[in-house]
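Let me begin by presenting the structure, written as structure tokens, before commenting on it.
The values are calculated or read from the model by the stated rules, or taken from the named source; none is laboratory data. On a predicted model such as this, the values are computed, not experimentally measured, just so you know. Every residue, glycine among them, receives a Cβ derived from its backbone with ideal geometry; neighbour counts consider all protein chains shown.
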Amino acid sequence: MAPPKNAQPPMLKKVERAIERGLYVSRWLMAPFYIGLSLSLLLLLSSFIQELFHFLQQIPNITQADAVLAALSLIDLSLAGNLVLIVIFSGYENFVSKIDTSDDEDQFDWRGNVDFSALKLKLIASIVAISGIHLLKVFMDIAKYRESDIQWMITLHVVFVFSGVFLALMDWLASKAKKK
């Protein structure tokens, strides 16, 4: 009986397995990235505490507009933290390893269900939200900004919005093509 036409010699098969195993194990090189992102949450927390402390000191003299700006700044930092968490959890689970929290009662419902496509949409939605909040802060204190700077901020925000819409459209089209 003759070997199949595309059969590899045993030595090549061993080399192929070694390369594939090495590539598969290399996914762990991403783990330090996620650890670094976890540490970046400390930076965001530090900024959040500084902003909160700064605004608490101004309470006796704060105007309504300043109170809104303070809240928007804190919301902005919170959204950035949420964005980092989404990237950490979904990136780690999609590309490195599943996180075993079976003994923890505080599991996230979405964990393990965010694939790369959903991750892209969540990222762009968070970026649009952060950009929108930043624009709102600018409009609340518009006198501080040059007209050209405001135009650039609006242009960037519109680009983010259109990018999100086009990403969602591409994912929708890809999912329809898969179903066919």
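A few comments on the model shown:
- Residue under evaluation residue 56, criteria (1) more than 22 Å from residue 128 (Cβ to Cβ); (2) of a type outside the set (D, E, K, R); (3) surrounded by 15 or more Cβ atoms within 10 Å (Cβ to Cβ); (4) over 19 Å from the mean Cα position of the chain (by Cα), criterion not met: (3)
- Any pair with Cβ under 7 angstrom, 6 or more apart, that starts in the range 58-78 at a residue that is farther than 16 Å from residue 138 by Cα and ends at one that is assigned to a helix (DSSP H, G or I) and among the charged types (D, E, K, R): 58/66
- Among the residues of the range 69-106, the ones that are over 18 Å from residue 37 (Cβ atoms), at pLDDT below 85 and of a type in the set (A, V, I, L, M, F, W, C) come to 1 in all.
- Condition check for residue 142: farther than 20 Å from residue 44 by Cβ, among the β-branched types (Val, Ile, Thr) and modelled with pLDDT under 90: yes
- Residues of the range 113-162 classified as of a type in the set (S, T, N, Q), within 28 Å of residue 88 (Cα to Cα) and not in a loop (DSSP other than H, G, I, E, B), total: 3
- Hey, residue 40 at pLDDT 85 or above and under 30 Å from residue 22 (Cβ atoms) or not: yes
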